[in-house]
Structure formats: C-alpha cells, structure tokens
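Worksheet for the structure shown next.
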Amino acid sequence: MKAAFTVFLKECRESLRDRRVLINSLVLGPLLGPLIFLLMVRLVVGRELEKAEQPLPVVVIGAERAPDLVDALRQMGLRQLPPVADPELAVREQRIDLALRVGADFGANWRAGRSAQVELIYDSSRREAQGDAERLRAMLENYGRRNGALRLLARGLSPGVATPLVVATRDTATPQARGALLFAMLPYMLVLTIFIGGIWLAIDSTAGERERQSLEPLLINPVPRDRILLGKLMATAVFSLASLGLGLLAFLLAGRFMPTAELGLSLALGPRFLLVALPMLLPLVLLVCSAQILIAAFARSVREAQTYLGLAQLVPLIPSVVLSVVPVKAQLWMYAVPLLGQQLSLMRLLRAEPLAGLALALSALATLLAALGLFLLARRSYESEQLVVPG
Amino acid sequence: MIEARGLYKSFGGLKAVDGVSFVARDGEITGLLGPNGAGKTTTLRMLYTLLRPDAGSIHVDGRDAQLEPLAVRRTLGVLPDARGLYRRLSARENIEYFAALQGLDRAQARARTDALVEALAMQDIAERRTAGFSQGERVKTAIARALVHDPRNVLLDEPTNGLDVASTRALREFLRGLKAAGRCVLLSTHLMQEVAALCDRIVIIARGRVVADGSSDELRRQAGEQNLEDAFMRLIGERVAGDAP
C-alpha cells in the first residue's frame, strides 16, 4: 500500500505542475457546468420573464375611436406608441414590431352592439413579434370576453349561454417540482464536473505515461502493478473530487443569480445541498475515474484516449435526457443503476424532498461495486504483456 | 549473477527468441551483441521479468525469476530501451521517486541519490526539471534512477544509443567502476566497438539464437578471423569481405 501512496503522491505533484490538469480540474471542470447552466436559465427563462413583466409597446392607430378599449389595454400592460402613417410598411421595414388599428366604424358598431373590428399588424416570421402579438391578442380577447358577458347580463341572459364549455386547468406541480423539471439538466452538469476533473490525469498517467516511454521503467520496479494502478486511480479521484467540490460551490453561487424566486420556484441549492451531494456522489467519482483509467489504459495513444473519453462524457447525459423527457416514477431498483440512482437522488435533493436511506445505500453500494468491477478490468489490462509490448 | 537457460518467446507467429542460454557473472561485463531485430531487447525484457518466457528458466543470484519476480526485480537495476523521464519533475525527483518505489526510506534515498549525482557528474542538472534535457542528460538520469537501490545486477539495453563521444566514454568508465565493485553487468548492443572496448564476455545473438559465446580472443579464434568485426560477421552467418562469392 505504501507503493500505491508513493505513486499517488508523485502523480499529484506532477499534476499540480501541469497547467492542462489545473485548468481542467480546477477551472474548466467546476465552472463550465454552472456557467452553461446559468446562461441557459438566463437566456430561456430570464427573457420570457422580463417580457411578461415589461410593458408591451404597441403603435395604436385610431385610439380616439375606442378610448375605453385603450384604457383597459393600458391597465393590462400596454404602452401606447404614437400612430404612424403606413403601419403595414413600417412593420415590413421592421421600424415597428406591432401595431393595433381601430377601424373607422368601430365606435358605431360597438354602440350598436355588433362585432367591432380591430386589426393586429405584425410579421409572424419574426419570432419576437409573434410572442408580443400573442400577448396583445390575449389582452384583446380578455377585454372582449368581459364586455360580451356584460352585454348578455344587460339583456337578462346568463353569460354561461355563450360559453357552453369551460376548461379548468389544475396544475398539481408544487413550485419546487416545477423548478426541478426546469433543472433536470443540473445533475448532468454536476456529473460533468466529475468527468472533466479527472480526464487529463487519467489520460496522462496511463496512455501518456506509455507514450512518453516512462511506463516500462516504472513497471520494472518491485511493485505489483495493481498498486501502481491504485495510486493513479486515487490521484485521478482526488482531482475529480476537487473539481466536483468547486463545482458544487459554483452552483451554490450561481443559484443566487438564477431567477428562481421571480418564477415562483424554489430550488434547494443551499449549504445542505452541498453537504449531502458531495458524499452522495463520492462512489460515482470512483466509478467515473475507474472508467476513465480503464479506457485510457486500453487506448494506444493519448489522442485515442482523448477521443474515447470525449465520447464517454456523453454517457451520463442519457439518464438526464430520459428523465427530463419521460417523467418516470422513481422505483427502488432504479437507484441500483449507477448514474441513474445519483440523478434521481440529486433531483429529490433539489426539490427538497426527503431521501430514503435504503435508496441511498443501494445507490452507493451498486456504484461502488461497478467501480470495483471496472478497476479489476483495468488491472487485468495492466497485468497483460500487451500493455508495454503491443502485440 | 544471471543465468538464462533455453529461453523461448514468440509474438503471434514470430519467434523473437528461439532458445537462448548464457551466463553473466559477477565482476564481469557481459555483452549481448547482435544485429537489429536479433532478439536482444526481448531477451532482456524476459530477464527483468517484464515478459514471461514461453519456455526456459531465468535465475538471478540463484532466484527463479518466474517464481519470485518481485524479489528478483529488487536485485536488478535496469536501463530499458524505453527511458522516458517525468518532464515536470526534476532529475532528483525522478530518481527519488524510483528510490521510494524500491522501498528506500527518505534518508537512504537522499544519500543514494547524492552519491549517484556525484558519480555520474550530474551536479548541475540534478535540480532542474527534465523537460529539455539533452540525450546524454536523460541517459544519466535514467541510469541513476535504475541504480538508486544499489542493485547487484545491472542490465542495460543499448546504453550508449544517441550519446556523443564524451558521454559514451564517461558511461564506459562508470560501467567499469560497477564491474570493479563486483557487480554483474549485462548490456546489449549492436556496436562492435562497444563490446571490444568494454566487455569481458560476448554473447552473439542472431535470429533469436546464441551463435557464439566467449571472450573476444576466443571468438576471433572460433571464427578464424584476426579482426573482431569480421569474426562477428562470420559468426552471424554473413559473408566476410575477401570470401569467394
């Protein structure tokens, strides 16, 4: 075991002097996930949110013909812009986004109780304008429905006569659960920090050592090869773990900049998340690092190892995608599947739901067993003569 | 002392080593001489237990290398064909890493490293990172880390490959010092001058077999040639200048 520790110390010392390892494990690994995530949330959620809150600027033509309508629209968030001469042309030339035209006969029709017409002028091929137009249409329909009901009442009829069908929507998702659905990708981002954290060390200490011709001298020392491998695995795991720890911290910080409160969502990204997630993911760190060492030991060159490990990074995406597309009910056996188990636990943790001890234990045990299996496979490839003398 | 008996090793269908036997004694420098691809490196790799022979036996100081590979490796100092160093570690850190793997404690490792740095005249490079070392500096570092545990048997695969004249002479002097200290030194080479200048015994290998074994005088006599190079060519089955075509 002393020899394994010697190898471990040497790999750590050498890696701390390697800019690539440092950038990967301590900068790129921890920050990439949170940054991508923050950007994603800001872009997708933030923009929708801003739009919904912001007043909707609309060019209104003929506002004096429908003062009540324009007043009501203003209360619903419309900002009235002065009329332009040729709204169709202005929209086409993208000088304005959206115009509302009140027809000349609007007042007459309205007072006579007939359907009065307004026109929405926008370019539906422009995505931005389409969202704005939908918003304005919803405002107009709201106003129309309200007045329709008033007219029926004035004639002694129940408004229900004109609305034979009412659809009521009851969304049972708690605010936290809705947030977690949005954040279904977050566990993958965390797993990614584990992957990126160990990747260079795994490659450098196996495929790299062979490529630089220092593996043969190393193996001539009176040390069993599994000790050497164990030292390399431990060093990889330490850097991976450092990346994960920093990544979790980065997520905690990023959580403060996420517009979760405005959306009425709460995401349990507090210190408790950090304290529970880190030990919970430890078996996964060992599994990922064993897999990386195994793959890198099989590869014939550093370049080949990079290619394989790059592809391997996509594997943990599978449970994330499946869970976000197909909302499955978590069964106990799912926790026994490495990656999937951690993914489910992380999502429960984010939703601030209680974690079952049995599920956690099952997940840890299964992942550790898988890690051991991969380590034994890597050991077999290390014991083989082909490691040094490719046959 | 290293004794190899009836070693066989093939890769796929290719017989790399096809029945090699010889003895390398303590206090002598033994040279494995042969053309490129004769099986020298494969033979050495079996001796230092990196490869397992298909048949045959190896004893180092009386220990069976296949039964006790770790114990045997402790008594071997090896400069293999692959002599890569860790570029981000200094020469001293490279040497002390191997000292730790050989089981030396920190004080022993330091003392042995100091002694080797002195013996190999590495004072000015010992604390430098090995990235950017010259070929000669790399070989010195590789030899120092191979000998850090003061092994009784020293195996070197083409030790002077890529060295300039001065480094080659210094290395030969160093090897003679090991011999004087009673070590068993075994080196492989394809260079005639190397064995002529250095070796007490010469084992000539061609196509995976030992074709001659003895001192350079004995080999010249055996081949009936005055010149060692001619003797070598005749013994490995090549025509010598002046022969009838």
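Filtering the stretch B:150-163 to residues that are touching a helix residue (DSSP H, G or I) at 6+ places or on another chain (Cβ under 7 Å) and open to solvent by 10 Å² or more (accessible area, probe 1.4 Å) leaves B:150, B:160, B:162, B:163. Just need a number here: residues in the stretch B:41-60 that are within 14 Å of another protein chain (Cβ to nearest Cβ) and buried (at least 17 other Cβ atoms within 10 Å of the Cβ). Residues meeting the conditions: 13. The set of residues in the stretch A:368-391 that are of a type in the set (D, E, K, R) and either within 14 Å of chain B (Cβ to nearest Cβ) or open to solvent by less than 30 Å² (accessible area, probe 1.4 Å) (or both) comprises A:383, A:385. Quick check: is even one residue across the stretch A:300-320 among the charged types (D, E, K, R) and touching a residue at least 40 places away in the same chain (Cβ under 8 Å)? Yes, the stretch A:300-320 contains at least one residue that is among the charged types (D, E, K, R) and touching a residue at least 40 places away in the same chain (Cβ under 8 Å).
Would you check if there is a residue in the stretch B:99-107 being open to solvent by 10 Å² or more (accessible area, probe 1.4 Å), in a loop (DSSP other than H, G, I, E, B) and closer than 30 Å to residue B:238 by Cα?
Residues of the stretch B:99-107 that are open to solvent by 10 Å² or more (accessible area, probe 1.4 Å), as a first pass: B:100, B:102-107.
The next check asks that each one be in a loop (DSSP other than H, G, I, E, B); those that pass are B:102-105.
Right, trim to closer than 30 Å to residue B:238 by Cα and you get none.
No, the stretch B:99-107 contains no residue that is open to solvent by 10 Å² or more (accessible area, probe 1.4 Å), in a loop (DSSP other than H, G, I, E, B) and closer than 30 Å to residue B:238 by Cα.
Per the conditions (1) touching a strand residue (DSSP E or B) at 6+ places or on another chain (Cβ under 6 Å); (2) buried (at least 17 other Cβ atoms within 10 Å of the Cβ), the sole criterion not satisfied by residue B:127 is (2). Looking only at residues in the stretch A:15-38 that are in contact (Cβ under 8 Å) with a residue 24 or more places away in the chain and within 14 Å of another protein chain (Cβ to nearest Cβ), the one that is farthest from residue A:243 (Cα to Cα) is A:18. Within the stretch B:74-97, the set of residues being open to solvent by 20 Å² or more (accessible area, probe 1.4 Å) and outside any loop (DSSP other than H, G, I, E, B) comprises B:74, B:92, B:93, B:96. Among helices (runs of 4 or more DSSP H) entirely within the stretch A:293-367, having at least 3 residues that are under 26 Å from residue A:8 (Cβ atoms) and either open to solvent by less than 60 Å² (accessible area, probe 1.4 Å) or among the β-branched types (Val, Ile, Thr) (or both) singles out A:302-312. Residues considered: B:206, B:166, B:131, B:119. Of these, the only one that is closer than 25 Å to residue B:75 by Cα and either more than 17 Å from the chain's Cα centre (by Cα) or of a type in the set (Gly, Ala, Ser) (or both) is B:119. The stretch B:164-245 holds strands (runs of 3 or more DSSP E) entirely within its bounds, and those carrying 1 or more residues that are surrounded by fewer than 17 Cβ atoms within 10 Å (Cβ to Cβ) map to B:209-214.
When the strands (runs of 3 or more DSSP E) confined to the stretch B:1-65 are screened for residues that are among the hydrophobic types (A, V, I, L, M, F, W, C) and farther than 23 Å from residue B:229 by Cα, those reaching at least 1 such residues are found at B:2-11, B:14-24, B:55-60. Please work out which residue is farthest from the other protein chains (Cβ to nearest Cβ), limiting yourself to the stretch A:197-233 and to residues that are open to solvent by 10 Å² or more (accessible area, probe 1.4 Å) and closer than 15 Å to residue A:305 by Cα. Among those residues, the one meeting the criterion is A:199.
Mind telling me which of the residues B:71, B:111 ends up being small (Gly, Ala, Ser), open to solvent by 10 Å² or more (accessible area, probe 1.4 Å) and facing chain A (nearest Cβ under 8 Å)? The match here is B:71.
Out of curiosity, is residue A:26 out of contact with any Leu (no Cβ under 8 Å at 6 or more places or on another chain), part of a helix (DSSP H, G or I) and at pLDDT 85 or above? For residue A:26, the condition - out of contact with any Leu (no Cβ under 8 Å at 6 or more places or on another chain), part of a helix (DSSP H, G or I) and at pLDDT 85 or above - is not met. Of all the residues in the stretch B:82-106, those that are within 7 Å of chain A (Cβ to nearest Cβ) and free of Cβ contacts under 8 Å to residues at least 12 places away in the same chain number 4. The condition (being in contact (Cβ under 8 Å) with a residue 24 or more places away in the chain and open to solvent by 60 Å² or more (accessible area, probe 1.4 Å)) is satisfied by just one residue among A:127, A:92, A:74: A:92.
The values are calculated or read from the model by the stated rules, or taken from the named source; none is laboratory data. These numbers were taken from a predicted model, which means no experiment stands behind them. Neighbour counts are summed over all protein chains in view; Cβ atoms, including those assigned to glycine, are modelled from backbone coordinates with ideal geometry. Quick note on the areas: whole protein, heavy atoms, side chains included, nothing else; ligands and nucleic acids left out. Shrake-Rupley method; radii C 1.70, N 1.55, O 1.52, S 1.80 Å.
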